[in-house]
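Peer 1: Below: one structure in structure tokens.
The values are calculated or read from the model by the stated rules, or taken from the named source; none is laboratory data. Every value quoted in this text rests on a predicted model; they were computed, and no experiment measured them. Cβ placement follows ideal geometry from the backbone for every residue including glycine, while neighbour counts extend to all protein chains displayed. For the accessible areas, the whole protein counts, side chains as well, though only heavy atoms, and no ligand, DNA or RNA atoms are used. Shrake-Rupley method; radii C 1.70, N 1.55, O 1.52, S 1.80 Å.
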Amino acid sequence: MVRDGVVLSKAHNLREATKDPSAHAEILALRTATSVSDSWRLSGGTLYVTKEPCIMCSGAIIHARISRVVYGCNDTKAGGAVSLYRILSDSRLNHQVEVVSGVLEEECAALLQRFFRDRR
């Protein structure tokens, strides 16, 4: 999570390690960033992620008032930004988020494929 050129937080998925279904990288990064900034509002911030946020993370991003999400590869099974749902740009909600997708897409997809291949 970056705002005004300052990195507020970094995180990675800890769902398996913590046995917490909400311990996605995005949620953990938001928690740290709100603690550091002493506010739940992260307006003006950009969240950079490897894979498209899921619907849970997309909801949290909306509620945190993040301005922009930049991600690498789509998540065709659970994507909440573009692939399955367009939560971040839904005009029915009280906040919309700029979405930039496909940044280093091949590298991000390869990174995730390697990770899951090594786990099996």
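Peer 1: Identify all residues within segment 105-120 that are open to solvent by 40 Å² or more (accessible area, probe 1.4 Å) and under 18 Å from residue 13 (Cβ atoms); write none if there are none.
Peer 2: Selection gives 107, 111, 112, 113, 114, 115, 116, 117, 118, 119, 120.
Peer 1: Does residue 61 count as surrounded by fewer than 16 Cβ atoms within 10 Å (Cβ to Cβ) and under 11 Å from the mean Cα position of the chain (by Cα)?
Peer 2: Numbers: surrounded by fewer than 16 Cβ atoms within 10 Å (Cβ to Cβ): no; under 11 Å from the mean Cα position of the chain (by Cα): yes.
Judged against the criteria, residue 61 is not a match.
Peer 1: Looking at this structure, is residue 109 at pLDDT below 95 and among the small types (Gly, Ala, Ser)? Quick ask: steps written out before the conclusion?
Peer 2: Details: at pLDDT below 95: yes; among the small types (Gly, Ala, Ser): yes.
Spelling it out, residue 109 is indeed at pLDDT below 95 and among the small types (Gly, Ala, Ser).
Peer 1: Shifting gears a bit: If I filter segment 9-18 for residues that are exposed (fewer than 14 other Cβ atoms within 10 Å of the Cβ), charged (D, E, K, R) and under 25 Å from residue 119 (Cβ atoms), do I get at least one hit?
Peer 2: Taking segment 9-18 first, the residues exposed (fewer than 14 other Cβ atoms within 10 Å of the Cβ) are 10, 12, 16-18.
Subset that is charged (D, E, K, R): 10, 16.
Retained after the next criterion (residues that are under 25 Å from residue 119 (Cβ atoms)): 10, 16.
Looking through segment 9-18, at least one residue is exposed (fewer than 14 other Cβ atoms within 10 Å of the Cβ), charged (D, E, K, R) and under 25 Å from residue 119 (Cβ atoms).
Peer 1: Output the number of the condition that residue 51 fails; it satisfies all remaining conditions of (1) within 24 Å of residue 107 (Cα to Cα); (2) without any contact (Cβ under 8 Å) to a residue 40 or more places away in the chain; (3) among the charged types (D, E, K, R).
Peer 2: Unmet condition: (2).
Peer 1: Does segment 77-94 contain at least one residue that is open to solvent by 40 Å² or more (accessible area, probe 1.4 Å) and under 10 Å from the mean Cα position of the chain (by Cα)?
Peer 2: Among the residues of segment 77-94, not one is open to solvent by 40 Å² or more (accessible area, probe 1.4 Å) and under 10 Å from the mean Cα position of the chain (by Cα), which makes the answer no.
Peer 1: Quick one: residue 71 ticks every box in (1) of a type in the set (Phe, Trp, Tyr); (2) open to solvent by 60 Å² or more (accessible area, probe 1.4 Å); (3) under 20 Å from residue 111 (Cβ atoms) except a single one, so which number is it?
Peer 2: (2)
Peer 1: Another question, if that's okay. Mind checking which residues of segment 41-58 are open to solvent by 10 Å² or more (accessible area, probe 1.4 Å), under 15 Å from residue 22 (Cβ atoms) and of a type outside the set (A, V, I, L, M)? Spell out the reasoning first.
Peer 2: Within segment 41-58, the subset open to solvent by 10 Å² or more (accessible area, probe 1.4 Å) is 41, 43-44, 46, 48-51, 54-56.
So of that shortlist, the ones also under 15 Å from residue 22 (Cβ atoms) come out as 54-56.
Selection gives 54 alone.
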